[in-house]
Every structure is written in C-alpha cells, then in structure tokens.
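We did not get these values from a lab; they are worked out from the coordinates using the rules stated. All figures in this text were calculated on a predicted structure; none of them were measured in a lab. Ideal geometry is used to build each Cβ from the backbone, glycine not excepted, and the neighbour counts take in all protein chains shown.
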Amino acid sequence: MKIGIDQIGMATPAFYLDLIELAQARGDEPEKYTIGIGQDQQAVAPSSQDIVTLGASAANFLSATDREQIGLIVVGTETGIDASKASALYIHDLLELSPWCRALEIKEACYGGTAALMMARDFIAAHPQQKALVIAADIARYGLASGGEVTQGAGAVAMLVSTSPRLLALQDDSVVKSGSIMDFWRPQYTDLALAKGKYSTEQYLAFFQATWTRYQVETGLDLNDFAALCFHLPYTKMGLKALRTALPAVDEAKQAALKAHFEASCQYSRRIGNLYTGSLYLGLLSMLELDGHLQAGDRIGLFSYGSGAVGEFFSAELQPGFEQQLHAVAHQHLLDSRQRLAVAEYEAVFTDKVPYGPKDYQANSKYFAGPFVLTGVTDQERQYQRL
Ligand code: CAA
C-alpha cells in the first residue's frame, strides 16, 4: 500500500521586510545576508497572524470530501498559543472539518512537522479509508538586532496524507537520531528563541552526517540513487553547507544536478525565511514547483532537523502526474502581492504582540489580511475570524 502526500499548500503573512534594507539599518554588509546567510526577504507576521490563521490558510486546498474523510489533524509547531489546548482544534473549527476526527499538537522544535508527517503515515496505515491533515506552522522570532534576526520568518505548510498519493509516496526508510543538547530553545517566559548560533550549525551538520551515513548502510542506497536532496532550511546557506558535505561522493555532472535542484528548493525560503517546522516542506514545495527537471519515479531525500535535538533522513518517490498537484502560479502571486514594510514599521509590528497576561487585546486592523485573522483576545479567549 502506497502512503504519502496527496496535496500540499503553503501560507505566509501578507507583509515582508527587504533584507538589504535590514542590513543597512543594522550596519552589516548586505552580502552577508544575501550570500553569507542566503536570504533576500523575510516574512513579517502582524499580531493578527499566528499558527492558527497561517495553518488554516495553508490548507485552503481541501475539498468537501477531504473534510469528511480527515480522521486526524496534527499540528507540528514550536510557536504554541496555549500550554493546554491544541492549535489543531482552532484550525479544525476554521476549516469546518468533520467532528469525527483526532486533533492534536506535537512539539520537538523544527522536527515537529516531520514527527506529524510520520504520525500521519502510521495513522493511514492503520486507517486506510481515512485521510490525515498535517500542518507545520511557526513564527520564527529571535529579537530586534539579535544575531538570529536575519533568519526570522513566518508561515505554514499543510499536507494531506492518504493512500494512493498523487504527489509523493513516503518510503519506509527513515533513520532517526535523538540526543539532548542545548543548541536552540525557548524558555516559557519569552516568545524569542535562544540560540547558540555557531554550535547549532555544527550540531545540524553532525546530525545530518550521522543519519545520512547510517541511512546508506541500512538501505544500501547512495547519493546516485537520489534525484535530489531537500534540507531543513533555517536559512538557505545552512542547507547548502550540508549538501556540500555529501557531494564529494558523486561525479561532477551529478554534483551539478544536485546543486541545481537544491537551488530550486531555496527560492521560497529566500523570500520567507525560517518556518521552523515547515521549512523542510517549504523547500520541498519550492523545488517541486520551480525546478522543472524532476520526473515521476525520482527519489527525493529529505533531512529534517529539530534543535534539542532530533534529526531524521528519509525519502519519498515522485508519483505520475505529480505536476497537477502543484500551484506555482498562485504561490508566486502570494509572494509577489505582499506589502513591503520599511525597517521602522517592521520594528513596530514586531513589538505589537498579544501580551503574556490576562488583559484583553485588540490586534491592529490595519494589518488584517485574509483568509483568517486573530482579531484579539477577550476574557483570555482568542478570537478568530474569516475575512
Ligand atoms: N559577503 C559574503 N558573505 C559574508 C559576508 C559578506 N560581506 N560577511 C559575512 N559573510 C558570511 C560569513 O563568512 C559566514 O559564512 P559561513 O557560515 O559560510 O562561514 C556567514 O556570512 C554568516 O556570518 P557569521 O557566521 O559571522 O554570522 P553570525 O555570527 O551573524 O551568525 C547565525 C549566523 C549563527 C546563523 C545566526 O544568524 C543565528 O544564530 N541564527 C539562528 C540559529 C540558526 O538558524 N541555527 C541553524 C542551525 S539550528 C536549526 O536548524 C534549527 C532552527 O531552525 C533554528
């Protein structure tokens, strides 16, 4: 029985920051951001956008039949909006899914989206008549003028998992490594992540090396068996660094092909920034929609990394007719139609946030953009609305 991704969608806020302008404002060389880090623009989430509004928007491809058949909705996130109630329930409500459904949230830093995808695969193996909705949604915040500021971002990727998937069949070949380390985390008193920047990049590479090496031993496959590799992209240069460690195993022509596919996988991330749980899948979507040289039957390798840390390497096979499941023109429009914010306005938007406290809060309607918004918090209950 084939199980995999039948449909995929993405969402990102309607506002962005130009990173050359940010570099100038911070006194950095623009090339450090655009080449050294590999980012051009950054999504800016007003307080009216959170993992619920973005997650629900990313799943706008669902048909009435899908809504009836979804027996599991699982949100992978590290930007939780409540310590108890799952964001999946708010999304379940906004999307008007069937009540006969499990709804939950899952957490392990940027690995949460992959954990959710693997849970969905297992769920479908046990319940092949149903479908599972996986949402990876996050708002990456490090703080104004912080070391990680250039790698912030916001958005969500939604994936519908089913039998006979029309896009990608997940292979049962995962190699996963876990180990408790302190490279990146977020204490409960703050919405800003803490990162040991350089150490975190070293750990990312070490987890990639470990899982990729073991994967080859366990499966007997090597890099020549892959049409392309996709990486978790906290910023695009990070994925490039990982790819470069694998390339010496193949000849120059294969290296060039892998680099070209990787370049296609970076295009959406370069304009959005880090989606944490969604970054790997945003890269996958970018590659599928913009590459143009992949074909049915191709094996794609995926490396997921969540600080703290869990790393997983697995693969998926492109299905016949996969092109018809993609929406490159709509996604191009989504990115092109965003409003650019000057640095001062970005800073004001960044600082206006739902308070950690019991007071009512009203989001600034100047930044309301659909399809879903958080209008505010009343009596400690979040208020959502479809525009
Ligand atoms: N032209 C071209 N390149 C330039 C340049 C210029 N003028 N100036 C600097 N650079 C290059 C540097 O040489 C460097 O390249 P290499 O990494 O290839 O050596 C690159 O720009 C970055 O420069 P620095 O290392 O000096 O940058 P920094 O000290 O400001 O820190 C960072 C970079 C550590 C990534 C920081 O942005 C950060 O802490 N980010 C958040 C943490 C993160 O994303 N970690 C990734 C792994 S953890 C993970 O993956 C989970 C997750 O999602 C967070």
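Report the normalised scattering of the chain as log10 I(q)/I(0) at q = 0.09 Å⁻¹, calculated by the Debye formula with identical scatterers on the alpha carbons. Log10 I(q)/I(0), no solvent term: -0.47.
Leu290 sits among other residues whose Cβ lies under 13 Å from its own Cβ, and their net charge, with Lys and Arg +1 and Asp and Glu -1, is -2.
Provide the net charge surrounding Tyr142, with neighbours chosen by a C-beta distance below 12 Å and charges set as Lys +1, Arg +1, Asp -1, Glu -1.
Numbers: positive: Arg141, Arg186; negative: Glu149, Asp191.
Charge balance in the 12 Å sphere: 0.
Proximity of backbone amide H atoms, modeled 1.01 Å from N, is registered between Phe184 and Lys196, Gly308 at under 5 Å, excluding neighbours fewer than 5 places apart on the same chain.
Can you give me the distance in nm between label points at Asp336 and Arg102, each placed 7 Å from the Cα along the Cα-to-Cβ direction? Reported label-point gap for Asp336 and Arg102 is 4.2 nm.
In a fully extended conformation the segment linking Glu29 and Met1 would gain 4.9 nm over its present Cα-Cα distance, using 0.36 nm per residue.
Longest stretch of the chain clear of exposed loop sites (chymotrypsin sites (Phe, Trp or Tyr not before Pro), DSSP loop, at most 13 other Cβ atoms within 10 Å, sites excluded): 190-355.
Residue-wise HN-Hα couplings along region 363-371, as the Karplus relation 6.51 cos²θ - 1.76 cosθ + 1.60 with θ = phi - 60° gives them from phi, are 6, 6, 5, 4, 9, 6, 8, x, x Hz; Gly and Pro carry x.
Taking a sphere under 15 Å around the Cβ of Ile3 and counting the other residues whose Cβ falls inside, with K and R at +1 and D and E at -1, yields a net charge of -1.
Rounded to the nearest 0.05, what FRET efficiency do Val217 and Thr378 have when you use their Cβ-Cβ distance and R0 = 45 Å? Between Val217 and Thr378 the formula returns 0.20.
Close amide-amide hydrogen proximity is noted between Ala363 and Gly376, Val377, each under 5 Å apart and 5 or more residues distant or on a separate chain (H modeled in the peptide plane; Pro and chain starts excluded).
Under 12 Å from a label point set 7 Å out along the Cα-to-Cβ vector of Glu21, no amide N atom of region 237-274 is found.
Rounded to whole numbers, the Karplus 3J(HN,Hα) couplings from phi for region 230-245 are 10, 10, 4, 10, x, 7, 5, 4, 4, x, 4, 4, 5, 4, 4, 6 Hz, using 6.51 cos²θ - 1.76 cosθ + 1.60 with θ = phi - 60°, and x at Gly and Pro.
Based on the Cβ-Cβ distance of Leu89 and Asn60, what FRET efficiency does E = 1/(1 + (r/R0)^6) give at R0 = 30 Å, to the nearest 0.05? Intermediate values should be presented prior to the final figure.
Numbers: r = 19 Å, r/R0 = 0.62.
After rounding, the FRET efficiency stands at 0.95.
Summarising the strand pairing of the chain, around 70 percent of its internal DSSP beta bridges are antiparallel. Estimated from helices alone, the mean residue ellipticity of the chain at 222 nm is -10500 deg cm²/dmol (sum of -39500 (n - 2.57) over DSSP H runs with n ≥ 4, per residue). Size of region 169-321 from its Cα atoms: along the principal axes, largest to smallest, the extents are 48, 35, 28 Å. With the simple model of a label 7 Å out from the Cα in the direction of the Cβ, Leu326 to Trp185 spans 4.0 nm. Given a Förster radius of 25 Å and the C-beta distance between Ser164 and Asp298 as r, what FRET efficiency does 1/(1 + (r/R0)^6) yield to the nearest 0.05? Taking R0 as 25 Å, the efficiency between Ser164 and Asp298 is 0.85.
The length gained on full extension between Glu68 and Lys353, counted as 0.36 nm times the residue separation minus their Cα-Cα distance, comes to 99.1 nm. For Phe372, the amide hydrogen comes within under 5 Å of the amide hydrogens of Leu387, counting only partners 5 or more places away or on other chains and with H modelled in the peptide plane. Using the Karplus relation 6.51 cos²θ - 1.76 cosθ + 1.60 with θ = phi - 60°, the per-residue 3J(HN,Hα) values for region 136-145 come to 10, 9, 7, 10, 8, 10, 10, x, 5, 6 Hz, with x marking Gly and Pro.
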